[in-house]
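In what follows, a single structure is set out as C-alpha coordinates and then discussed.
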Amino acid sequence: MNRFERFLNRNNHKGIKNLMLYIVIGNAIVFLLSMTDRGYTIVNYFTFVPSLIMQGQIWRLITFVFIPMPSNLFTLLLTLYFYYMVGSVLEREWGILKFNVYYFTGIALTIIYSLISNTYASAHYINLSLFFAFATLFPDFQILLFFIIPIKIKYLAYIDAAFFLFGILLNRFPANLLPLIAIANYFIYFYQDFIYFFRRQRVTARNTVSFKNKVRSIKKERGYLHRCTTCGKTDTDHPDMEFRYCSLCRGYACYCEEHIMDHTHIP
(Lines give C-alpha, C1' and ligand atoms only; values in the text may rest on other atoms or scores of the structure.)
Protein backbone atom coordinates (compact mmCIF):
# COMPACT_ATOMS: atom_id res chain seq x y z
CA MET A 1 0.00 0.00 0.00
CA ASN A 2 1.53 3.34 -1.08
CA ARG A 3 1.38 6.66 0.76
CA PHE A 4 -1.60 7.86 -1.25
CA GLU A 5 -3.63 4.78 -0.32
CA ARG A 6 -2.68 5.17 3.33
CA PHE A 7 -3.73 8.83 3.22
CA LEU A 8 -7.11 7.91 1.76
CA ASN A 9 -7.65 5.18 4.34
CA ARG A 10 -6.78 7.48 7.25
CA ASN A 11 -9.21 10.12 6.01
CA ASN A 12 -11.89 7.89 4.52
CA HIS A 13 -14.67 9.65 6.45
CA LYS A 14 -13.95 13.00 4.77
CA GLY A 15 -15.46 14.25 1.52
CA ILE A 16 -18.98 14.45 0.12
CA LYS A 17 -21.05 11.70 1.66
CA ASN A 18 -23.58 10.01 -0.64
CA LEU A 19 -21.98 11.66 -3.66
CA MET A 20 -23.79 9.47 -6.20
CA LEU A 21 -27.13 10.34 -4.60
CA TYR A 22 -26.53 14.00 -5.44
CA ILE A 23 -25.38 13.09 -8.96
CA VAL A 24 -28.48 10.98 -9.52
CA ILE A 25 -30.85 13.61 -8.13
CA GLY A 26 -29.21 16.28 -10.29
CA ASN A 27 -29.61 14.12 -13.41
CA ALA A 28 -33.26 13.47 -12.60
CA ILE A 29 -34.02 17.16 -12.04
CA VAL A 30 -32.35 18.24 -15.30
CA PHE A 31 -34.22 15.51 -17.18
CA LEU A 32 -37.58 16.59 -15.75
CA LEU A 33 -36.84 20.24 -16.53
CA SER A 34 -35.84 19.35 -20.09
CA MET A 35 -39.22 17.65 -20.62
CA THR A 36 -40.92 21.02 -20.20
CA ASP A 37 -38.26 22.93 -22.11
CA ARG A 38 -38.77 22.28 -25.81
CA GLY A 39 -35.94 24.60 -26.75
CA TYR A 40 -33.49 22.78 -24.46
CA THR A 41 -32.51 26.15 -22.98
CA ILE A 42 -31.62 24.67 -19.60
CA VAL A 43 -29.62 21.79 -21.04
CA ASN A 44 -27.75 24.15 -23.36
CA TYR A 45 -27.05 26.42 -20.39
CA PHE A 46 -25.51 23.49 -18.47
CA THR A 47 -23.61 21.85 -21.33
CA PHE A 48 -19.81 21.75 -21.37
CA VAL A 49 -18.77 24.11 -24.19
CA PRO A 50 -15.04 24.97 -24.12
CA SER A 51 -15.40 28.28 -25.98
CA LEU A 52 -18.10 29.53 -23.61
CA ILE A 53 -16.14 28.39 -20.56
CA MET A 54 -13.17 30.42 -21.78
CA GLN A 55 -15.51 33.41 -21.98
CA GLY A 56 -16.25 33.12 -18.25
CA GLN A 57 -19.17 30.67 -18.01
CA ILE A 58 -17.25 28.53 -15.55
CA TRP A 59 -20.37 26.95 -14.01
CA ARG A 60 -20.34 24.63 -17.03
CA LEU A 61 -17.31 22.91 -15.49
CA ILE A 62 -19.71 21.49 -12.89
CA THR A 63 -23.19 21.51 -14.40
CA PHE A 64 -22.33 19.19 -17.30
CA VAL A 65 -22.10 16.36 -14.76
CA PHE A 66 -25.88 16.61 -14.20
CA ILE A 67 -26.88 16.30 -17.86
CA PRO A 68 -28.36 12.83 -18.44
CA MET A 69 -27.93 10.94 -21.67
CA PRO A 70 -30.97 11.32 -23.97
CA SER A 71 -33.39 8.51 -23.14
CA ASN A 72 -36.95 7.72 -22.17
CA LEU A 73 -38.06 7.97 -18.57
CA PHE A 74 -37.93 4.21 -17.86
CA THR A 75 -34.38 3.83 -19.21
CA LEU A 76 -33.27 6.89 -17.27
CA LEU A 77 -34.74 5.61 -13.99
CA LEU A 78 -33.11 2.21 -14.50
CA THR A 79 -29.76 3.80 -15.32
CA LEU A 80 -29.86 6.17 -12.36
CA TYR A 81 -30.83 3.31 -10.07
CA PHE A 82 -27.74 1.36 -11.13
CA TYR A 83 -25.54 4.45 -10.79
CA TYR A 84 -26.74 4.98 -7.24
CA MET A 85 -26.53 1.32 -6.26
CA VAL A 86 -23.01 0.84 -7.61
CA GLY A 87 -21.77 4.21 -6.33
CA SER A 88 -23.13 3.71 -2.82
CA VAL A 89 -21.57 0.24 -2.55
CA LEU A 90 -18.20 1.55 -3.75
CA GLU A 91 -18.41 4.38 -1.23
CA ARG A 92 -19.06 1.91 1.60
CA GLU A 93 -16.26 -0.35 0.42
CA TRP A 94 -13.63 2.33 -0.20
CA GLY A 95 -14.70 5.04 2.17
CA ILE A 96 -16.10 8.45 1.31
CA LEU A 97 -12.81 10.14 0.42
CA LYS A 98 -11.45 7.46 -1.93
CA PHE A 99 -14.73 7.26 -3.83
CA ASN A 100 -14.83 11.05 -4.10
CA VAL A 101 -11.26 11.15 -5.38
CA TYR A 102 -11.95 8.37 -7.89
CA TYR A 103 -15.01 10.12 -9.30
CA PHE A 104 -13.59 13.63 -9.35
CA THR A 105 -10.30 12.46 -10.86
CA GLY A 106 -12.28 11.05 -13.76
CA ILE A 107 -14.23 14.29 -14.10
CA ALA A 108 -11.02 16.35 -13.92
CA LEU A 109 -9.32 14.24 -16.63
CA THR A 110 -12.41 14.61 -18.81
CA ILE A 111 -12.43 18.39 -18.34
CA ILE A 112 -8.72 18.71 -19.13
CA TYR A 113 -9.00 16.59 -22.26
CA SER A 114 -12.12 18.40 -23.46
CA LEU A 115 -10.55 21.83 -22.98
CA ILE A 116 -7.37 20.81 -24.78
CA SER A 117 -9.19 19.11 -27.65
CA ASN A 118 -11.99 21.73 -27.75
CA THR A 119 -14.75 19.14 -27.61
CA TYR A 120 -17.92 18.69 -25.59
CA ALA A 121 -17.58 16.80 -22.32
CA SER A 122 -19.92 14.35 -20.64
CA ALA A 123 -19.90 12.45 -17.36
CA HIS A 124 -21.56 9.49 -19.10
CA TYR A 125 -18.43 7.33 -19.41
CA ILE A 126 -17.19 8.21 -15.94
CA ASN A 127 -20.50 6.96 -14.57
CA LEU A 128 -20.30 3.81 -16.68
CA SER A 129 -16.75 3.16 -15.46
CA LEU A 130 -18.18 2.65 -11.98
CA PHE A 131 -19.43 -0.73 -13.23
CA PHE A 132 -15.85 -1.73 -14.03
CA ALA A 133 -14.73 -0.80 -10.53
CA PHE A 134 -17.69 -2.63 -8.98
CA ALA A 135 -17.18 -5.75 -11.12
CA THR A 136 -13.47 -5.83 -10.22
CA LEU A 137 -14.24 -5.79 -6.50
CA PHE A 138 -17.40 -7.94 -6.56
CA PRO A 139 -17.45 -9.98 -9.82
CA ASP A 140 -20.03 -12.49 -8.52
CA PHE A 141 -22.38 -9.94 -6.97
CA GLN A 142 -25.86 -10.72 -8.27
CA ILE A 143 -28.56 -8.19 -9.08
CA LEU A 144 -32.04 -8.41 -10.59
CA LEU A 145 -31.98 -6.95 -14.10
CA PHE A 146 -35.28 -5.17 -14.73
CA PHE A 147 -36.05 -6.31 -11.14
CA ILE A 148 -36.73 -9.82 -12.52
CA ILE A 149 -33.70 -11.44 -14.18
CA PRO A 150 -30.84 -12.49 -11.84
CA ILE A 151 -27.45 -11.63 -13.35
CA LYS A 152 -23.93 -11.31 -12.01
CA ILE A 153 -22.36 -7.88 -12.15
CA LYS A 154 -19.36 -9.14 -14.14
CA TYR A 155 -21.65 -9.89 -17.08
CA LEU A 156 -23.05 -6.37 -16.94
CA ALA A 157 -19.45 -5.16 -17.07
CA TYR A 158 -19.08 -6.95 -20.43
CA ILE A 159 -22.13 -5.09 -21.72
CA ASP A 160 -20.61 -1.92 -20.27
CA ALA A 161 -17.41 -2.61 -22.21
CA ALA A 162 -19.46 -2.87 -25.40
CA PHE A 163 -20.84 0.64 -24.80
CA PHE A 164 -17.29 1.93 -24.46
CA LEU A 165 -16.27 0.18 -27.67
CA PHE A 166 -19.23 1.62 -29.57
CA GLY A 167 -18.39 5.07 -28.19
CA ILE A 168 -14.86 4.78 -29.53
CA LEU A 169 -15.82 3.39 -32.94
CA LEU A 170 -18.97 5.38 -33.69
CA ASN A 171 -17.96 8.88 -32.55
CA ARG A 172 -15.60 11.15 -34.40
CA PHE A 173 -12.23 12.33 -33.17
CA PRO A 174 -11.62 13.87 -30.64
CA ALA A 175 -14.92 12.95 -28.92
CA ASN A 176 -14.29 9.24 -29.50
CA LEU A 177 -11.39 9.34 -27.03
CA LEU A 178 -13.59 10.35 -24.08
CA PRO A 179 -14.30 6.66 -23.24
CA LEU A 180 -10.54 6.08 -23.03
CA ILE A 181 -10.25 8.88 -20.47
CA ALA A 182 -12.72 7.05 -18.21
CA ILE A 183 -10.88 3.77 -18.75
CA ALA A 184 -7.57 5.47 -17.93
CA ASN A 185 -9.06 6.72 -14.68
CA TYR A 186 -10.16 3.16 -13.87
CA PHE A 187 -6.67 1.76 -14.51
CA ILE A 188 -5.07 4.44 -12.35
CA TYR A 189 -6.85 2.95 -9.35
CA PHE A 190 -6.79 -0.73 -10.33
CA TYR A 191 -3.45 -1.27 -12.05
CA GLN A 192 -2.04 -2.89 -8.89
CA ASP A 193 -4.94 -5.37 -8.89
CA PHE A 194 -4.14 -6.30 -12.49
CA ILE A 195 -0.44 -6.70 -11.71
CA TYR A 196 -1.34 -8.98 -8.78
CA PHE A 197 -3.80 -10.92 -10.95
CA PHE A 198 -1.30 -11.60 -13.74
CA ARG A 199 1.40 -12.56 -11.25
CA ARG A 200 -1.00 -14.97 -9.55
CA GLN A 201 -1.99 -16.42 -12.94
CA ARG A 202 1.68 -16.93 -13.80
CA VAL A 203 2.35 -18.66 -10.47
CA THR A 204 -0.78 -20.80 -10.85
CA ALA A 205 0.22 -21.83 -14.36
CA ARG A 206 3.73 -22.70 -13.17
CA ASN A 207 2.37 -24.75 -10.26
CA THR A 208 -0.10 -26.51 -12.56
CA VAL A 209 2.66 -27.52 -14.96
CA SER A 210 4.80 -28.71 -12.03
CA PHE A 211 1.89 -30.74 -10.61
CA LYS A 212 1.11 -32.38 -13.96
CA ASN A 213 4.76 -33.26 -14.47
CA LYS A 214 4.88 -34.82 -11.00
CA VAL A 215 1.69 -36.80 -11.68
CA ARG A 216 3.10 -38.11 -14.97
CA SER A 217 6.34 -39.04 -13.21
CA ILE A 218 4.52 -40.98 -10.48
CA LYS A 219 2.29 -42.75 -12.99
CA LYS A 220 5.28 -43.68 -15.13
CA GLU A 221 7.20 -45.03 -12.13
CA ARG A 222 4.34 -47.06 -10.57
CA GLY A 223 2.27 -47.75 -13.66
CA TYR A 224 -0.79 -46.11 -12.10
CA LEU A 225 -1.82 -43.03 -10.14
CA HIS A 226 -4.75 -44.33 -8.06
CA ARG A 227 -5.11 -47.86 -6.64
CA CYS A 228 -8.06 -49.10 -4.56
CA THR A 229 -6.89 -50.32 -1.14
CA THR A 230 -9.69 -52.92 -0.99
CA CYS A 231 -9.84 -54.54 -4.45
CA GLY A 232 -6.59 -53.38 -6.05
CA LYS A 233 -8.18 -51.78 -9.12
CA THR A 234 -6.14 -48.98 -10.64
CA ASP A 235 -6.95 -46.04 -12.83
CA THR A 236 -4.73 -47.57 -15.53
CA ASP A 237 -6.80 -50.76 -15.74
CA HIS A 238 -10.11 -48.90 -15.26
CA PRO A 239 -9.67 -45.40 -16.74
CA ASP A 240 -13.39 -44.62 -16.53
CA MET A 241 -13.66 -45.45 -12.83
CA GLU A 242 -13.58 -42.72 -10.19
CA PHE A 243 -11.24 -42.99 -7.21
CA ARG A 244 -11.51 -41.17 -3.88
CA TYR A 245 -9.39 -40.83 -0.75
CA CYS A 246 -10.82 -41.46 2.71
CA SER A 247 -9.88 -38.84 5.29
CA LEU A 248 -10.83 -41.19 8.15
CA CYS A 249 -8.26 -43.79 7.14
CA ARG A 250 -4.66 -43.55 8.20
CA GLY A 251 -2.65 -42.04 5.36
CA TYR A 252 -5.78 -41.09 3.39
CA ALA A 253 -6.21 -44.50 1.78
CA CYS A 254 -7.47 -44.65 -1.80
CA TYR A 255 -10.64 -46.47 -2.81
CA CYS A 256 -12.54 -47.02 -6.03
CA GLU A 257 -16.12 -45.83 -6.41
CA GLU A 258 -17.37 -49.29 -5.33
CA HIS A 259 -15.59 -49.26 -1.99
CA ILE A 260 -15.30 -45.61 -0.98
CA MET A 261 -18.57 -45.90 0.96
CA ASP A 262 -18.14 -49.59 1.85
CA HIS A 263 -14.83 -50.29 3.55
CA THR A 264 -13.32 -50.72 6.99
CA HIS A 265 -11.40 -47.66 8.05
CA ILE A 266 -7.67 -48.13 8.59
CA PRO A 267 -6.82 -46.97 12.11
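What to note about this one:
- Odd one out for residue 108, checked against (1) touching a residue at least 40 places away in the same chain (Cβ under 8 Å); (2) under 30 Å from residue 44 (Cβ atoms): (1)
- Of 103, 81, all but one fail to be surrounded by 15 or more Cβ atoms within 10 Å (Cβ to Cβ), under 25 Å from residue 42 (Cβ atoms) and either touching a residue at least 24 places away in the same chain (Cβ under 8 Å) or within 19 Å of the chain's Cα centre (by Cα) (or both); the exception is 103.
- Criterion applied to 266, 218 was being modelled with pLDDT under 80 and more than 24 Å from the chain's Cα centre (by Cα), and the one residue passing it is 218.
The values are calculated or read from the model by the stated rules, or taken from the named source; none is laboratory data. What you see is a predicted model, and the numbers here were worked out from it, not measured in a lab. FYI the Cβ positions are ideal-geometry reconstructions off the backbone, even for glycines, and counts take in every protein chain you see.
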